[in-house]
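Trainee: Just passing along the structure, written as structure tokens.
Just so you know, all these numbers are worked out from the coordinates, no wet-lab data involved. Here the structure is a predicted model, which is why all the values come from computation and not from measurement. In this analysis, Cβ positions are derived from the backbone assuming ideal geometry, glycine residues included, and neighbour counts consider all displayed protein chains.
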Amino acid sequence: VVKVTAIEAIPFEIPFRRPFAFASGTVTVADHVLVRVRTDEGIVGHAEAPPRPYTYGESQTSIVAAVYDWFSPAVTGADPFGRERISARLARIVGNPTAKAAVDIALWDVIGQAVGQPVHSLLGGFAESVRVTHMLGLGSPSEMVDEASRIRDTYGISSFKVKVGRTPFAVDVEAVRALRSALGDDVELYLDANRGWRGDDALRALAALADAGIAMLEEPGRADDILTRRRTVERSLVPIVGDESCTRAAEVARLLLDRSCDMISIKTSRTGFTDSAKIVGLCEGLGVGVVLGNQIDGAVATLAGVTFAAAHRATTERPAELSAFVDIADHLLIEPPEIVDGRMAPPQQPGLGIAIDDDKVDHYRVDR
Ligand code: MUC
Ligand code: MG
């Protein structure tokens, strides 16, 4: 049996090409954490944790501390194949979803390498590639149109998640209209308000966009405004997607049973592979659609995302959010993930195919 000997957490910083803005925050630098699981057989597993304080209350520093203080001691000596046992040990500490997810994913990388199989095959091996959708940050209508056109022309991407959630909502309506008229009817557009709108603004914005062909709306407003949220779900003709309001399987169940969303965003960067697979099963059982979401993942986390997306039928039914890394100026890999004709293929190498460029880690790490 392979045994975990240590888990390292390496904080690094890579600038964004341009700031990425959304209703609950703005990122200008990928201040993420590279998590590295070492084993007695010499196999090394990797994953990337992108802290999102405004969503989970984690920071780069807190993720590093959570790994060294809690999760490395909890997992050292464990057999990486004992995923349920390891999950139970991680779950003794509440919160810290991004740190836990990275530990889980790095352990799957070890498992794949130990059995000589790509993890997408171990998880389900459904598709050879997945369609990619791109997140468009907040900007003026012309900035958003220029960015979408550039992404479409460069990567062949024809689905966009448009950030909205500004006040007054007319600013967003104008941007979405501009995108629709510039990109034409063949492009898919859906919206993410990141909890920004208030009261019935979401319903009003959707009414103003009734002829704009909007596929879905994520996190319309404050999730804690329970009755408002239910009214939005009840009255909207567009499916409402739960993202940061339901980041664990139990919350997903609660919101769906409450009729507080119609679909679920699954992010491997917050529920790893082990718990993300449970959410896929829960949603399938309830006949609820899922979206493979993105936590503004860097290139390493993107390899995890595409692995999970390609492994399951449910996550291939819609385009997966796998292109956020193109806004980051560099990456820690020898080769970055590739998007061709709007699609991305999961790595075929054993494990997650994460080939780290050690010189880049030395260059971008901020702990020495
Ligand atoms: C999204 O879907 O909300 C923004 C913040 C975060 O945690 O993820 C992104 C995208
Ligand atoms: Mg979202």
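Trainee: For helix 299-311, what angle does its Cα long axis make with the longest principal axis of the chain, in degrees from 0 to 90 and rounded to 10?
Mentor: Roughly 80 degrees between the two axes.
Trainee: Using DSSP to define loop residues, name the GluC sites (Glu not before Pro) in the stretch 283-368 whose beta-carbon has at most 16 other beta-carbon atoms within 10 Å. Intermediate values should be presented prior to the final figure.
Mentor: Values: sites: 284, 317, 321, 338; in loops: 317, 338.
Sites meeting the loop and neighbour criteria: 317, 338.
Trainee: Let me ask something else. Quick check: net charge around residue 161, other residues with Cβ under 12 Å of its Cβ, Lys/Arg +1 and Asp/Glu -1?
Mentor: On the way: positive: 163, 318; negative: 188, 192, 218, 219, 243, 321.
That works out to -4.
Trainee: Work out from phi, with θ = phi - 60° and the Karplus expression 6.51 cos²θ - 1.76 cosθ + 1.60, the ³J(HN,Hα) of each residue of the stretch 35-42, listed in order in whole Hz, and give x for Gly and Pro.
Mentor: 9, 10, 9, 9, 10, 5, 8, x
Trainee: When only C-alpha pairs under 8 Å and at least 6 residues apart count, what is the relative contact order of the stretch 136-248, in percent? List each step's numbers first, then the result.
Mentor: On the way: 176 pairs, mean separation 26.0, N = 113.
That works out to 23 percent.
Trainee: Quick check: Cα centre of the stretch 71-102 to Cα centre of the stretch 242-303, how many Å?
Mentor: 19
Trainee: Please state the relative contact order of the chain as a whole percent: Cα pairs under 8 Å, 6+ residues apart? Spell out each step's value before the answer.
Mentor: Details: 805 pairs, mean separation 79.2, N = 368.
22 percent.
Trainee: Another one. Can you tell me the 0 to 90 degree angle between the C-alpha axis of helix 226-235 and the longest principal axis of the chain, rounded to 10?
Mentor: Once rounded, one gets 60 degrees.
Trainee: Taking the Cβ of each residue in 129, 269 as the centre, tally the other Cβ atoms inside 10 Å and list the residues starting with the fewest.
Mentor: Fewest-to-most ranking of 129, 269: 129, 269.
Trainee: Let me ask something additional. Given 289, 76, 29, which one lies farthest toward the positive end of the charge dipole of the chain, if we put +1 on the Cβ of every Lys and Arg and -1 on the Cβ of every Asp and Glu?
Mentor: Looking along the dipole axis, the top candidate is 289.
Trainee: Further, regarding this structure: When 171, 75 are ordered from fewest to most other Cβ atoms inside 10 Å of their Cβ, what list results? Don't skip to the end; give the middle numbers.
Mentor: Numbers: 171 15, 75 23.
Result, fewest neighbours first: 171, 75.
Trainee: In nanometres, what is the gap between the two model label sites at residue 259 and residue 200, each 7 Å from Cα along Cα-to-Cβ?
Mentor: So the label points at residue 259 and residue 200 sit 1.7 nm apart.
Trainee: Test of understanding: ordering 261, 283 by Cβ neighbours within 10 Å, fewest first, what list do you get? Write down the numbers at each step before the final one.
Mentor: On the way: 261 27, 283 21.
Ordered from fewest to most neighbouring Cβ atoms within 10 Å, 261, 283 come out as 283, 261.
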